[in-house]
Each structure stands twice: as structure tokens, then as C-alpha cells.
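Notes follow once the structure below has been shown.
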Amino acid sequence: MWCQRLAWLLRGSSGRRWPRSFVAAACGHHTAPRSLRCAWQLHGDHLELRYGNTLMRLDFVWLRDHCRSASCYNAKTNQRSLDTASVDLAIRPQAVRVDESTLFLTWPDGHVTRYGLEWLVKNSYEGQKKQVMHPRILWNAEIYRQAQVPSVDCQSFLETDEGLKEFLQNFLLYGIAFVENVTPTKEDTAILAERISIIRETIYGRMWYFTSDFSRGDTAYTKLALDRHTDTTYFQEPCGIQVFHCLKHEGTGGRTLLVDGFHAAEQVLRQAPEHFELLTRVPLKHEYVESVGGCHNHMIGVGPVLNVYPWNNELYLIRYNNYDRAVINTVPHDVVHRWYHAHRALTTELRRPENELWVKLKPGKALFVDNWRVLHGREAFTGYRQLCGCYLTRDDVLNTARLLGLQA
């Protein structure tokens, strides 16, 4: 009886009849044929749609804003044509219909929006929560060795899409990748890097080239051991990828240390989720101050140690460098003490011997490191050691991967 009364009210004093689908939806659930596994219901400001195993709550303004019709979206440029600010924030569809694969919405001005149900599952908030942005294989030293990840030959890397794709797939999954048989010069290393990205020029120049001559105000320019860390934590956006190529070493020691920071963070999340959560929330300053020769710099970067996508808690950036961490003056005393406990838990995982992958870099073997994920360091060395390398723009590396059909 109340549904009939509601239908009469929706018809209004003018005698206008609202679509039957709207009235029926207001009275209860709509269910498509059983084979579709689909049901929907209109609420005050959103459409509730169940398709397969996903229950989606789709805001009406969102549904109008993302319309892919020719008048709202330019399929040639993949850009929105609709002016979002012109959409009535109180908009509601006049009619809703679902067939085997498509949701149809008719708006008050008569415009019809069509959405594929699979597209909605993929692009809804609920669908995104179930997906990862970047598939990865988390590793410790044994996992990486057992995987026997192959290096890619330089000629294949430079001249074939197959070689480039294999390299990028390894890099995306593990955060490190090697190229063999590279001519050991700075110029050839630059050619290698430019195959996948624009080289990012920083305060260290475009291609950096160093020995242990302390020509810069950084411990890297010495023969001392370096503990695990990520680079450029003192940039507002740390460099995404780092390239290393050892051109010459006449001496002992100097092995490179690699640690999967995401693997260590995952262990903290499992064992003490409150520590993980705190490391994602507390902002810290990292600072680089130098005044050596003609180099005068004062860089400050701000951000938490762990950075996650808020909708699925997926880790995408670790900012960890005990050398460059500035004074902690952004956190009250009660929080900072808990932060020290959380930081200690992460450091313990990062320093577990089983998580340490040691690699001897030699002339001809270039190493690419995901600086947002994998920490690097080195043991002390003797003799003359000459390295070159550069930083790459992360967007360009991921762009290259996507153009080759990889999820990145």
C-alpha cells in the first residue's frame, strides 16, 4: 500500500508520471535476470548496485560526471568534455535500467548515460579497493636468488621491444633489474638510461660520476660503508629510479647492498599494524646541507616514512634515510615516542641478514633500482673505485612500461 502512496506522491499535483523504474526502485530492490548476478536500488543520493561479488555505492553526481557519451567525453583525446561545475549537485536520475552488460541512466534533461557493468566494477571505489595499482613480488635474499631473475643483454635492451619489456617486467615486480654487456663509460650508461626515461637533472647534475674524493658534502663520496637507505629523501618528491654502473675498481670490498623495503614493511604490518599505521601518518623532515667547493645547497623534503594509497592501503613509497633525517620537530612528545618504537620495528626488519642481497658491481653490468621501494648501501672498500649513474623520472619509466602492455 505504501508503494502505491509513494507512486502517487512522485506523480505530483501536475499529474506528471515518473518512470515506472524510478517508482519501483524507490519501493524496493531491482534484480536483473538471475544469470547476470546483478541487483540495484536507488537511495537518496546514490545508486546501490551489486554485480557479481561487488557491492558498489555510486554517487549520482559521480555517475553524471563520468558519462562517456560523445558530448561528455572525447574518445580521441581520452579527456572529459563535460564541465563538472555545471552538474547539479542534487541531481538524480529519472530512470534506471540494466540489461545483461550495461547500466542505463536517464537524467532530468533527457540525457542518457551508459556504463558497462564490468567498467563500473573496475572503476568504482569498491572495485579499486580489491585491486593493486602495481603488482609486485616481495623478496628477501633467498626468494630473489631462487627466482633466478635473468639479466637482460644490452643489445636486446636497446634494440628490441622484447628485451625492453623483459627488463621492465623484472623491474616492476622486484624493484631492481640488471643489464649486462654495457660499455663501461658514462656516455654509454646515459644511452642505456634514456631507453626508458628522461634523465632527471638534480643538484648532482645530469649524469653523476664519482670517486671517493669527497668532492661533495655526502658520505657516498668516501670509502666508508653506507647503511641501507633511499636517496633524495630531502626532495619534496624523491627521485624514482636510480642507475648505478661501476666503471672501475682496483681494490677490495665495495659490494652493493640491496633490501626490499616493501617486504620489510609488510612484516611490520603483519606483526604490529599499529606501528605500520603510525609510520604512514607521522610527517618528518629530511634535510641536505652542503657547502663544499662551489656546491652550496640546502634541501628539505617532508613526508612520512611509509606512503600508502588511502583507498587500499597499498604501499607505494618508502622514505628511509637515517643520515639525512632532520630534527623531529613536527610531532608532539607522546606521538614521537611511539614513532621511535615503530621506526625501530621497521629498522629491525630492514637489518635482518636474511633480507640483505649483496651484489658485486662490475664494469659492464648496470643496475637499476626503484628508489621508492628498494634501499641500497655498500660495504667499505679500498683502492680506486669509479662509479657513474643518474636518476630517472618515474613517470617516464612507467609510461614506457604501459606502452609495452605492462601494468604499471
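The values are calculated or read from the model by the stated rules, or taken from the named source; none is laboratory data. Everything numeric in this text was worked out from a predicted model, so none of it was measured. Using ideal geometry, Cβ is built from the backbone for each residue, glycine included, and neighbour counts are taken over all protein chains shown. Side chains are part of the model used for accessible areas, which takes the heavy atoms of the whole protein and leaves out ligands, DNA and RNA. Shrake-Rupley method; radii C 1.70, N 1.55, O 1.52, S 1.80 Å.
If I go through the range 117-133 residue by residue, how many of them are more than 18 Å from LEU42 (Cα to Cα) and open to solvent by 30 Å² or more (accessible area, probe 1.4 Å)? Explain how you work it out, then say what you get.
Going residue by residue through the range 117-133, those that are more than 18 Å from LEU42 (Cα to Cα) are 118-119, 122-123, 127-133.
Right, trim to open to solvent by 30 Å² or more (accessible area, probe 1.4 Å) and you get 118-119, 122-123, 128-133.
Qualifying residue count, the range 117-133: 10.
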With respect to SER197, is the statement that it is open to solvent by less than 20 Å² (accessible area, probe 1.4 Å) and of a type in the set (Ser, Thr, Tyr) true? yes
Number of the exception - ARG344 against (1) at pLDDT 95 or above; (2) surrounded by 13 or more Cβ atoms within 10 Å (Cβ to Cβ): (2)
Filter the range 115-158 down to the residues that are touching a helix residue (DSSP H, G or I) at 6+ places or on another chain (Cβ under 6 Å) and among the polar types (S, T, N, Q), then identify the one that is farthest from LEU350 (Cα to Cα). SER156
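What helices (runs of 4 or more DSSP H), lying completely within the range 110-227, carry at least 2 residues that are within 30 Å of ILE91 (Cα to Cα) and modelled with pLDDT of 95 or more?
Numbers: elements: 117-123, 125-129, 141-147, 154-159, 161-174, 186-194.
Those helices (runs of 4 or more DSSP H) span 117-123, 125-129.
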Failed item in (1) touching a residue at least 40 places away in the same chain (Cβ under 8 Å); (2) open to solvent by 10 Å² or more (accessible area, probe 1.4 Å), with LEU387 passing the rest: (2)
So which residues in the range 222-267 are more than 19 Å from ASN322 (Cβ to Cβ) and aromatic (Phe, Trp, Tyr)? PHE244
Would you pick out the residues in the range 289-319 that are open to solvent by less than 30 Å² (accessible area, probe 1.4 Å) and modelled with pLDDT under 95? GLU290
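Scan the range 86-109 for residues that are in a strand (DSSP E or B) and open to solvent by 30 Å² or more (accessible area, probe 1.4 Å) and jot them down. First the steps, then the outcome.
Of the range 86-109, the ones in a strand (DSSP E or B) are 95-98, 102-106.
Listed by number, the residues that qualify are ARG97, PHE104, THR106.
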